[in-house]
Amino acid sequence: MGEQDIKNKAADKKSAEEILKSKGVSSVEQKGATAFQRFMGSSMAFVIVLEIAICIFFGVLSEPGTFMTLNNFMNILLNSSQMVILAIGLTFVICSGHMDLSVGMTLILTSIVGSKAFKAVASTPELLSEGIYPHLGLGIFVGIAVALLTGAACGALNAFTTSKLKLVPFIATLASMYIFQGAAMVICNGAQEKNLPRIFQTYFGHRRLFDIIPYQAIVAVILGAIFALVLKYTRFGLHVRAIGSNRESARRAGIKVELTCFKIYMLMGAMAGVAGVFDVARYSTTNPSGHMSDSMMAIMAAVMGGTSMKGGIASVTGTMLAVLIPVTLQAGMIILGMNSYIQLIVTGLFLILAVYVDYVRNLRPKV
């Protein structure tokens with residue numbers, strides 16, 4: 001790398017930092033406060049307090065030995081794993097000032113296409129019915145790769161409609177949600193993918209470290225840690241935040257806004273592909289009619305975790321913690337035997353809470 005390239009990168013970073021500083025979201029603005037003050041004023045503190053309150057509420061109402069158990073909390077972690085993956089991707093999308101309502105359908109499409117690819121490579125139709133997979137390792141590799149590439153392609157379509165066609169992200173991704181759902185149903189004819197090996201469940205889907213911590217939760221946390229560092233410390237993360245803060249200023253600062261938006265949406269699609277792999281690994285089948293509420297729940301987690309719907313402000317760590325809230329609510333209501341329709345009402349109320357918290361925190365005019 002030449003000296004001029006280093007200077008250009010330094011100037012680019014400085015310009016992006018100035019954009020963030022102009023909106024009061026630069027880390028430089030936070031240096032005057034102590035670590036404790038920053039934490040207490042953060043969304044993370046709110047999320048932790050709310051999660052503790054929910055656990056206490058269900059712990060008191062439920063029968064002893066049902067909710068407040070290590071096994072139940074580990075199940076909550078396992079159930080959170082896929083949602084964490086989706087919410088991390090949405091953190092980048094929302095931070096950039098965009099939206100994606102299609103992530104649930106992308107998950108379904110990637111799981112179906114990946115499963116089809118696995119079966120095509122791992123075995124023959126005759127051997128599949130007998131549960132024999134001569135090329136199991138290669139099939140798993142190809143299935144995962146195809147799922148990720150399919151997700152990235154879905155993200156590229158969303159990026160094209162929002163960046164090139166200039167459609168409003170809400171409308172564009174709502175349309176793509178139906179496209180992906182329809183494509184998934186055409187491919188699988190509305191039926192679950194069968195004849196997938198139980199090895200997915202045995203060695204990853206249901207496997208636990210020390211028979212306690214689910215592997216899927218461990219992988220989700222590792223991915224979260226990586227993307228938290230990416231958002232905070234890399235040039236790409238800086239550009240994401242700068243675009244969300246002020247798109248036009250970011251463009252004038254030399255940031256390739258459209259290219260970055262393509263990267264963001266393709267990242268989101270690939271993350272939905274990872275969640276699709278998690279889904280197949282856990283259930284050893286696909287679920288074409290499920291995941292209808294995944295988008296809303298992931299958006300709720302990202303917003304409650306500190307990602308501003310106005311863009312420019314985000315916290316991957318906060319998002320990961322906030323995912324526990326809807327999943328814990330669902331687990332608690334199931335243990336209490338509450339009607340599934342009531343669960344939808346409660347989820348909707350918490351979505352309103354998430355948006356209101358974001359409004360109070362970032363959008364309400366300062367008086």
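Any residue that is surrounded by fewer than 19 Cβ atoms within 10 Å (Cβ to Cβ), hydroxyl-bearing (Ser, Thr, Tyr) and in a helix (DSSP H, G or I) - is there at least one of those in the stretch 200-212? Show your work before the answer.
To start, the set of residues in the stretch 200-212 that are surrounded by fewer than 19 Cβ atoms within 10 Å (Cβ to Cβ) comprises 201-204, 206-212.
Then keep just the ones that are hydroxyl-bearing (Ser, Thr, Tyr); that gives 202-203.
Next cut, in a helix (DSSP H, G or I) only: 202-203.
Taking every residue of the stretch 200-212 in turn, at least one turns out to be surrounded by fewer than 19 Cβ atoms within 10 Å (Cβ to Cβ), hydroxyl-bearing (Ser, Thr, Tyr) and in a helix (DSSP H, G or I).
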Given the conditions (1) in contact with a Phe, Trp or Tyr (Cβ under 9 Å, 6 or more places away or on another chain); (2) more than 26 Å from LEU78 (Cβ to Cβ), report the number of the one that ILE108 does not fulfil.
-> (2)
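Just checking, which of ALA250, ALA242, ALA217 is under 18 Å from the mean Cα position of the chain (by Cα) and assigned to a helix (DSSP H, G or I)? Outline the logic, then answer.
Numbers: ALA250 fails: under 18 Å from the mean Cα position of the chain (by Cα); ALA242 fails: under 18 Å from the mean Cα position of the chain (by Cα).
After ruling out the rest, the residue left standing is ALA217.
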Considering only the stretch 238-256, state which residues are at pLDDT 90 or above and surrounded by fewer than 20 Cβ atoms within 10 Å (Cβ to Cβ).
-> LYS256
Apart from one, (1) within 27 Å of GLN181 (Cα to Cα); (2) modelled with pLDDT of 90 or more all hold for ALA122; the odd one out is (2)
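The values are calculated or read from the model by the stated rules, or taken from the named source; none is laboratory data. Because the structure is a prediction, the values reported are computed rather than measured. Reconstructed Cβ throughout: ideal geometry from the backbone, glycine too, with neighbour counts over all protein chains shown.
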